[in-house]
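Have a look at the structure below before the remarks.
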Amino acid sequence: MKLYQDRHADPRFLSGKVVAVLGYGNQGSAQAKCLRDSGVTVIVGSRQGESFRIAEEDRMEAMPIPDAVRRADIICLLLPDMAQKEVYEKDVMPHLKKGQALYFSHGFNITYGLIKPPKNVDVIMIAPKVTGCRLREAYLREEGVPALVAIHQDFTGNAKKAVLALASAMRLTKKGVFECTFEQETYANLFAEQAVDLGGVLEVVKAGFDEMVSRGIPPEVAYFECVGVSRMVLDMLEGKGLKSIVYGVSDTASYGALTRGSRIVGESTKKSMGEAFDEIENGQFAKEWLEECSKGGKRFNSLRKKASEHQLEKVGERIRALFKGEIS
């Protein structure tokens, strides 16, 4: 994969250009602030409501989405995945002009054909691999965070200049950004969320916690082992690599992990992972998710409620309160 750093970007490319950020949530507000603080002319397109008010409080120039689209050179669609298609068709597409750039931070709507841009605009992506809050915190510390960049359509011939200039303005090229395709980012992101860092981790942690408690281990002890130690291991993996885990823990822990871990994540788990990836790649998951949203998210809300009521959460709340001195 190609890695781009500060030396590859020309921040001057954005001089005189207007960047419209559509959607002022966690990611949208963070990116808008970082771009603005780097001297980029930023406007916020939003419907009247809470996000519009917050944008104005943040000293952003806020306006209706169609007005922002007409004024902008680069249009950042940073709305939730399930809202982008409707907003694009109603408030963006009718006002697009030749040579503008459509910017995304996740490839979902392009990959699955929900948004089909005209051929006379650029289509680019910058996908920070952190939350908006962490992106903003890193920017203020003058640090970079991991990010992917992609070019889906290069009508003007300047798409790469634009994406690298924008990444540089958010200090993402300080460490470096990797180039991929919209499809690769979409598939990798959805799969990791479902099978590894969200779905996988949550289910393994809950299952481990439940097993320990059922065997008579105090819930507080089970919580520390499943949550606290997991966080430490992931920090070691990110900071110093896999080798630091194999050699950086006790020999007993290392031997136990290397001989028992593959029992937990064995062939059946890998088969299930493959099936999950197939559903992402063939569009089945996207179709299911969009149908769930169209029905009001009843099943989704039920699953969220059930997960948040797990004993692990109740024990965690108690422990966090104890550490803060809120209860005795």
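Numbers at a glance
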item: Residue within the stretch 79-90 that is more than 26 Å from Glu179 (Cα to Cα), out of contact with any Cys (no Cβ under 7 Å at 6 or more places or on another chain) and surrounded by 18 or more Cβ atoms within 10 Å (Cβ to Cβ) present; result: yes
item: Output for the stretch 126-167, where each listed residue is more than 25 Å from Thr111 (Cα to Cα) and either in contact with a Gly (Cβ under 7 Å, 6 or more places away or on another chain) or among the small types (Gly, Ala, Ser) (or both); result: Ala138, Gly144
item: Among (1) buried (at least 17 other Cβ atoms within 10 Å of the Cβ); (2) under 21 Å from Thr111 (Cα atoms), the one test that Leu172 misses; result: (2)
item: Whichever residue in the stretch 211-232 is buried (at least 16 other Cβ atoms within 10 Å of the Cβ) and of a type outside the set (Ser, Thr, Tyr) and, among such residues, is nearest to the chain's Cα centre (by Cα); result: Val227
item: Residue selected from the stretch 48-61 under the condition touching a residue at least 24 places away in the same chain (Cβ under 8 Å) and in a helix (DSSP H, G or I), by the criterion nearest to Leu79 (Cα to Cα); result: Ser51
item: Within the stretch 26-47, tally of residues that are surrounded by fewer than 22 Cβ atoms within 10 Å (Cβ to Cβ), modelled with pLDDT under 95, among the polar types (S, T, N, Q) and in a loop (DSSP other than H, G, I, E, B); result: 0
item: Residues of the stretch 293-322 that turn out to be loosely packed, with under 13 Cβ neighbours inside 10 Å and touching a helix residue (DSSP H, G or I) at 6+ places or on another chain (Cβ under 7 Å), as a count; result: 1
item: Residue in the stretch 201-210 that is under 30 Å from Gly39 (Cβ atoms), over 16 Å from the mean Cα position of the chain (by Cα) and touching a residue at least 40 places away in the same chain (Cβ under 8 Å) present; result: no
item: Failed item in (1) within 18 Å of the chain's Cα centre (by Cα); (2) more than 18 Å from Ser51 (Cβ to Cβ); (3) part of a helix (DSSP H, G or I), with Val130 passing the rest; result: (3)
item: Test: residue in the stretch 90-103 that is among the basic types (Lys, Arg), under 24 Å from Ala286 (Cα atoms) and assigned to a helix (DSSP H, G or I); result: yes
item: Every pair of residues 6+ apart whose Cβ atoms lie under 7 Å, when the first sits in the stretch 74-93 and is among the aromatic types (Phe, Trp, Tyr) while the second is in a helix (DSSP H, G or I) and crowded, with 19+ Cβ neighbours inside 10 Å; result: none
item: Members of the stretch 145-172 found to be under 22 Å from Ser15 (Cα atoms), of a type outside the set (A, V, I, L, M, F, W, C) and assigned to a loop (DSSP other than H, G, I, E, B), listed by number; result: Asp154, Thr156, Gly157, Asn158, Arg171
item: Hits in the stretch 139-171 (condition: modelled with pLDDT under 95 and under 19 Å from the mean Cα position of the chain (by Cα)); result: Glu143, Gly144, Val145, Pro146
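Quick grid of which residues meet (1) loosely packed, with under 14 Cβ neighbours inside 10 Å; (2) touching a residue at least 60 places away in the same chain (Cβ under 8 Å); (3) not in a helix (DSSP H, G or I):
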site: Glu238; (1), (2), (3): yes, no, no
site: Ser244; (1), (2), (3): no, no, no
site: Thr252; (1), (2), (3): yes, no, no
site: Tyr255; (1), (2), (3): yes, no, no
site: Leu258; (1), (2), (3): yes, no, no
site: Ser262; (1), (2), (3): yes, no, no
site: Lys271; (1), (2), (3): yes, no, no
site: Ala276; (1), (2), (3): no, yes, no
site: Glu279; (1), (2), (3): no, no, no
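The values are calculated or read from the model by the stated rules, or taken from the named source; none is laboratory data. Just so it is clear, the model here is predicted, and its values are computed rather than measured. Backbone-built Cβ (ideal geometry, glycine too); neighbour counts: all protein chains shown.
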